[in-house]
Amino acid sequence: MSVEDRLPADVLSFLERPITRRRALAFMGLSATAAALAACGASTSATTAPTAAGTAAPTAAGTAAPTAAVTAAPTAAGPAKGGTVTIGVQDSIGADLDPRSGTDNAAFFVKAQVFQTLLQLDPKTGTITPGLAAALPTQIDELTWEMKLRPGVIWHDGSAVTAKDVKYTMGKVNDKEFNSLFINTYNFVASVEVIDDTTMRFKLARPFGAFLDRMTGFAPVPEAIAEKMGRDEYKRKPVGNGPWMISDVVPEQALTLKPFDKWAGEKPKLDTVIWKRFPDGAARITALQTSAIDITISVPPDIFPILGTGGVVTGTVPATSYDAVAFNCGKPPFDNKLVRQAFAHAINRDELMQVAWGGRATAAWGPLPPWHWATNSNGNKLEYDPEKAKALLAQAGVTLPLQFELLGQNAGPQLLMVTTIQAQLQKVGFAPTLKLADGDSAYAFVDDKSFQAFNFYGDTGLLGLDPDIWYRWLQYGTFFNNSTEAENKKFQVAIDAAAAIGADKKDERLKAYWALQDLLAEEQRILHIDGRNVFNAWRDNIAGFQPTYNNVPNMSVVSKG
Amino acid sequence: MLLVPVLLGISIVIFALIRVAPGGPARAVFGPTAPPEQIERFNRQYGLDQPVPIQYAIWLRGILSGDLGTSLVNQLPVAALILPKILPTALLTLMAMLVSVPLGVGAGVLAAIRRGRLTDTLSRLGFLFGLSMPSFWLGIILLVVVAVNLRLLPAGGYVPLEKDPIGCLRSMVLPTLTLAVPIAAVLSRVVRTAMLEAIGEEYVRTARSKGLPERIVITRHMLRNVALPTVTTIGLQVGYLLGGAALIETVFTIPGLGRGLVDAVTNRDYAMVQAITLIIAVLTVLTALVVDLLYVYLDPRIRLR
């Protein structure tokens with residue numbers, strides 16, 4: 001049956017009528033009017049592409065977080081004005097907001113506002129300072145640290161924060177039955193010994209130089225309250241000791257915070273903070289433009305350049321998230337190091353960053369963010385060199401064109417990146433077939449080890465900024481690279497050796513991580529492409545808001561005019 | 001009679017399809033880089049390592065006892081998560097039909113009785129425009145023009161009806177228009193075609209020859225005969241609205257069934273996918289039943305057996 005046969009008779013007769021000049025002009029006029037109306041709302045002045053500001057000088061103790069580049073001079077936080085600020089986000093508000101186990105953005109947001117960590121990382125100076133702790137802990141011996149809590153700190157129900165709560169929390173996190181992802185972060189702690197109400201000793205399972213760094217992410221929970229509420233209820237609406245309390249949670253949709261009225265520190269300047277889901281990027285930006293929301297921390301990168309006018313301020317800062325390619329080293333062709341190195345030389349990072357992020361990213365050569373203190377910017381780099389890529393493929397003796405499956409994601413900047421990688425590889429003799437999956441479902445092919453090369457993105461920074469967590473997460477096990485245990489051993493030894501160097505041996509630590517970076521660059525089990533930026537936007541009547549490297553804003557310093 | 005086998009068939013297909021897709025709810029809970037042992041522990045804990053037929057039997061037993069299951073991603077009963085989604089979708093469906101039916105039927109009638117004239121041409125242009133234009137594009141244009149530029153209405157988001165009825169209705173205007181335009185376009189075409197057929201019928205000539213006013217000829221005689229295909233089309237559109245408005249719910253940030261289904265599929269939240277699909281299937285079948293009953297009322301020649 002032809003198209004014509006399927007159309008109603010009157011539609012067909014309409015289409016077959018001759019188009020008169022009057023009809024054509026009327027149609028064009030209507031179309032032009034509609035287009036003009038639509039264009040009215042679009043910004044006509046492009047925002048000057050923000051450049052990443054220089055990093056603060058790294059300190060020995062921690063990592064200086066990069067400072068944000070904004071389109072308007074950020075206003076200093078003004079006097080307390082109250083009011084409600086709504087933050088529009090892309091992701092769903094998950095079921096688990098418990099800092100012991102929650103892993104989505106909402107959970108990290110809650111941890112930052114509702115809880116206090118034992119130590120704090122000052123993002124401006126990169127220095128580690130006491131949080132819940134009264135002072136920086138004291139190292140008793142290679143495997144023991146002693147810490148005292150600040151006296152007088154209370155949970156939101158008025159009960160005191162004690163060393164028992166710290167012991168309880170660590171015990172749960174490291175309990176396999178509790179099934180927290182963070183067991184991988186804190187399992188270097190063998191036990192916590194309570195000395196008195198505010199004093200405890202951490203007994204380590206092995207020497208660990210990043211103890212202070214790791215405690216900047218550890219937020220104790222109240223044992224009595226958590227046990228009374230039960231796991232399910234506590235996950236949904238955890239009780240903390242921070243400047244904010246959870247007032248309401250609408251599953252998947254919204255999270256409301258109100259200030260804790262007995263907070264001893266500087267009082268939050270707002271009456272209410274709402275973390276609200278807007279899944280569609282265009283709808284989120286429209287909501288910002290109409291002041292339905294005040295801040296969004298998820299600006300689609302293709303819209304970012306055209307914002308920054310009409311009462312909207314934009315800001316971007318190098319983040320901890322990254323793009324990379326993982327190789328299945330357990331099966332051909334990427335069980336051959338020469339082939340992996342050829343892949344690395346075939347990749348043009350500048351082009352990839354331009355295509356996917358409009359150039360707002362930073363080339364990466366190792367697991368750590370490019371701005372991290374332990375990153376060696378002059379280290380071993382397998383730079384873009386198509387001729388070298390071809391030579392390595394020839395040396396590897398593989399049949400050309402070399403066919404394999406390149407796994408990637410089927411939407412957004414990730415899709416742009418994987419298709420560009422495919423094109424770059426084709427120029428040097430690879431013949432990748434794209435295998436695209438939605439969201440995290442691509443990891444099914446990593447789980448079953450069927451993948452060959454996987455273009456993925458990650459953000460290990462939500463777990464911490466010490467180099468050990470980064471290397472351990474990506475390179476310690478065989479999950480991503482499918483190496484044999486024997487092959488993996490040398491990496492585990494190097495990672496453990498670096499982790500064991502005491503925090504006071506700064507130069508030695510640096511050398512160890514630089515050597516690790518070079519080793520991994522040579523092996524190319526994971527090819528790191530870039531460190532991404534966060535893209536935030538907010539109304540110009542919002543003061544005190546700054547984009548952060550981990551996309552978790554500090555709402556206590558934000559005010560609304 | 002056919003309701004049960006239809007629902008059973010749908011449930012089996014959906015149960016199997018969602019499990020064929022790679023990935024599972026564990027990744028949605030733990031994130032992409034969770035170690036395999038964590039994933040395995042999660043799957044063991046929630047019976048996802050069981051054979052699929054066993055999982056289906058367990059789920060079916062729960063359904064038959066009124067238990068829609070637990071969302072593994074949200075760790076809440078599915079019923080508790082779905083209930084708040086039904087009202088926004090129902091409201092959107094109702095408002096879209098309240099706008100599109102009078103608009104579509106009215107346009108169709110006018111086009112038919114003024115065939116060949118400007119009204120008819122505009123109606124047919126409207127039909128093409130309404131049908132050709134992607135609904136999400138229309139939604140975004142309305143957002144930009146009405147909400148951003150003119151600031152007449154909110155830019156999306158859903159205000160619960162019980163909290164602020166006026167705010168709720170205001171927040172539903174733009175999504176209603178977005179949904180109503182293509183439906184009205186289809187309806188206008190169906191009504192016009194049926195009216196043109198009716199105009200040529202003998203009973204219309206008889207009615208006019210009796211001296212009845214044209215208004216009475218149209219409303220009392222012609223429209224009754226046009227009602228059958230119109231009701232059929234309306235029934236089909238209601239079924240589409242109940243389950244297929246996910247794009248519009250996304251653009252306008254309405255936490256309805258459509259958006260909930262998309263999220264559930266993305267997160268591989270099996271229980272939510274199965275429950276929402278079943279609910280949409282039941283509502284669609286019930287809509288078809290209502291349409292069948294309306295046939296009997298509208299056309300006395302049709303008898304229920």
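Where a number appears in this text, it was derived from the coordinates with a stated rule and is not lab data. Note that the structure is predicted; figures quoted are calculated from it, not measured. Methodologically, a virtual Cβ is constructed for each residue, glycine included, from the backbone with ideal geometry; neighbour enumeration extends over all protein chains shown.
Only beta bridges with both residues in chain A are counted; by DSSP, about 75 percent of them are antiparallel.
To the nearest 10 degrees, how steeply does helix B:257-266 sit against the main Cα axis of chain B, on a 0 to 90 scale? Helix B:257-266 and the main axis of chain B meet at about 40 degrees.
Take each complete run of DSSP H in chain A, measure how far its Cα atoms stretch along the helix's own axis, and keep only those covering 24 Å or more with mean Kyte-Doolittle hydropathy at least 0.0; list them.
Membrane-span-like by this criterion, though nothing is claimed about a membrane: A:21-40.
Quick check on my link table: of A:LYS337/A:LYS506; A:LYS203/A:LYS235; A:LYS337/A:LYS489, which ones sit more than 23 Å apart, alpha carbon to alpha carbon?
Working: A:LYS337/A:LYS506 32 Å; A:LYS203/A:LYS235 28 Å; A:LYS337/A:LYS489 17 Å.
From the list (A:LYS337/A:LYS506; A:LYS203/A:LYS235; A:LYS337/A:LYS489), the Cα-Cα distance tops 23 Å for A:LYS337/A:LYS506; A:LYS203/A:LYS235.
Only Lys, Arg, Asp and Glu carry charge here, each on its Cβ (+1 for the first two, -1 for the last two); on that basis region B:85-267 has a dipole of about 620 debye about its Cα centre.
Phi angles of region A:291-300 translate, via the Karplus equation with coefficients 6.51, -1.76, 1.60 and θ = phi - 60°, into HN-Hα couplings of 6, 5, 10, 9, 9, 9, 9, 10, 8, x Hz per residue; Gly and Pro are given as x. With all distinct Cα pairs included, what does the Kirkwood hydrodynamic radius of region A:426-506 come out to in Å, to one decimal, could you say? Kirkwood radius, region A:426-506: 15.2 Å. Within the shell defined by Cβ-Cβ distances under 11 Å, the residues around A:LYS381 carry a net charge of -3, with Lys and Arg each +1 and Asp and Glu each -1. Counts of other chain beta carbons within 10 angstrom of each beta carbon in peptide B:255-265 average 2.
What separates the Cα centres of region A:391-466 and region B:62-100 is a distance of 38 Å.
Listed values for region A:460-472 are Karplus-derived 3J(HN,Hα) couplings in whole Hz (6.51 cos²θ - 1.76 cosθ + 1.60, θ = phi - 60°), namely 6, x, 5, 8, x, 10, 6, x, 4, 5, 5, 5, 5, and x replaces Gly and Pro. When exposed loop sites are taken as GluC sites (Glu not before Pro) in a DSSP loop with at most 13 other Cβ atoms within 10 Å, the longest stretch of chain A clear of them is A:384-561.
Selection among B:PHE127, B:LEU143, B:ALA155 by position relative to the dipole of region B:27-156 gives B:PHE127 as farthest towards the positive end (Cβ unit charges, Cα centre).
Rounded to the nearest 20 debye, the dipole magnitude of region B:171-259 is 280 debye, with +1 charges on Lys and Arg beta carbons, -1 on Asp and Glu beta carbons, and the Cα centre as origin.
Counting Lys and Arg as +1 and Asp and Glu as -1, each charge on the Cβ, what is the dipole of the protein assembly as shown about the Cα centre in debye, to the nearest 20?
Charge dipole of the protein assembly as shown: 2780 debye, to the nearest 20.
Here the convex hull built on the C-alpha positions of region A:417-561 has a volume of 177 cubic angstrom per residue. Relative to the longest principal axis of the Cα atoms of chain B, helix B:270-298 runs at roughly 20 degrees.
When you count the other C-beta atoms within 10 angstrom of each residue and take the mean per peptide, A:112-119, A:537-544 line up highest first as A:112-119, A:537-544. Considering all different alpha carbon pairs of the protein assembly as shown, the Kirkwood hydrodynamic radius works out to 30.3 Å.
Under a 5 Å amide H cut-off, with hydrogens placed 1.01 Å from N, A:ALA134 pairs with A:LYS148, A:LEU149, A:ARG150 among residues at least 5 apart or on other chains. Mean residue ellipticity at 222 nm, helices only, chain B: -23500 deg cm²/dmol; runs of at least 4 DSSP H residues each add -39,500 (n - 2.57), and the sum is divided by the number of residues.
With a 10 Å cut-off around each Cβ of B:151-158, the average count of Cβ atoms from other chains is 5.
Residues whose amide H falls under 5 Å from that of A:ASN533, counting only those 5 or more places apart or on a different chain, are A:ALA319, with hydrogens built in the peptide plane.
With contacts taken as Cα pairs under 8 Å and at least 6 residues apart, chain A reaches a relative contact order of 21 percent.
Where does the charge balance sit around A:ASN455 when Lys and Arg score +1, Asp and Glu -1, over other residues with C-beta under 12 Å from its C-beta?
On the way: positive: A:LYS435; negative: A:ASP323, A:GLU405, A:ASP530.
Local charge sum for A:ASN455: -2.
Per-residue mean of foreign Cβ neighbours for A:289-300 is 2 (Cβ atoms of other chains, 10 Å radius). A Cα-only calculation for region B:85-267 places Rg and Dmax at 18.8, 66 Å.
With respect to chain B, whose longest principal axis is taken over its alpha-carbon atoms, helix B:165-199 is tilted by about 50°.
How high is the relative contact order of region B:85-267? Use alpha-carbon pairs under 8 Å, at least six apart in sequence, and give a whole percent.
34 percent
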